[in-house]
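Contents: one structure, followed by commentary.
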Amino acid sequence: AKIDARQTVPTWHVRAVANDAGVGDIWKQLQTEVPLEGNLDLDLDLQARGSSPRAMAASLEGDLGLSIQRGRINSRLFALTTMSPFGWLFAKSTRRGYSPFDCFVARFVAKHGLAELRSLVLDTPDAVATGTGSIDFAREMINLQIHPRAKHRSFGAPATPFAIAGSLAAPTVEVST
């Protein structure tokens, strides 16, 4: 990390690489709850200018790449995006309260506080999902569309796209039409 506070508006530069960090441990250290666990690989190179977190977020520039292996999403509803409602009622993930995934990979490129999603792939035992969208740090908004594709074909088991949208403080997850 590098901070240049000699200027009227300080500049910040953070370069970080992490391999096999426990996502659950990171959430605990940040004192936040995110329903995601696994082993994180992270590669970020971000720059910002500003005297406050809001100003820094609005000027964010750079690259963020991350992957999570051997993970799980702590949600009974996630599996419903690739199963029929009847199949979902009897699925292991519904009983366990979480859905496992093999790999999650995402890459963002930020300019002027807007992080555009360049690639997203989520591989689960039942589906492969891709994504599009952005995170606007200047306005503190998220707008991601996730497009799952079921790995196993069966009658009445459509893959249902969904969106993660709204404020960063309280995003909503909605089924896309």
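Quick note: the coordinates plus some simple rules give every number you see, no bench work behind them. Because the structure is a prediction, the values reported are computed rather than measured. Using ideal geometry, Cβ is built from the backbone for each residue, glycine included, and neighbour counts are taken over all protein chains shown.
See the values below:
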{"item": "Per-peptide average of other Cβ atoms within 10 Å, ordering 132-143, 6-17 highest first", "result": "132-143, 6-17"}
{"item": "Extension gain from A165 to T8, taking 0.36 nm per residue of separation minus the Cα-Cα distance", "result": "53.0 nm"}
{"item": "Computed label-point distance, nm, for sites V109 and D45 using a 7 Å Cα→Cβ extension", "result": "1.3"}
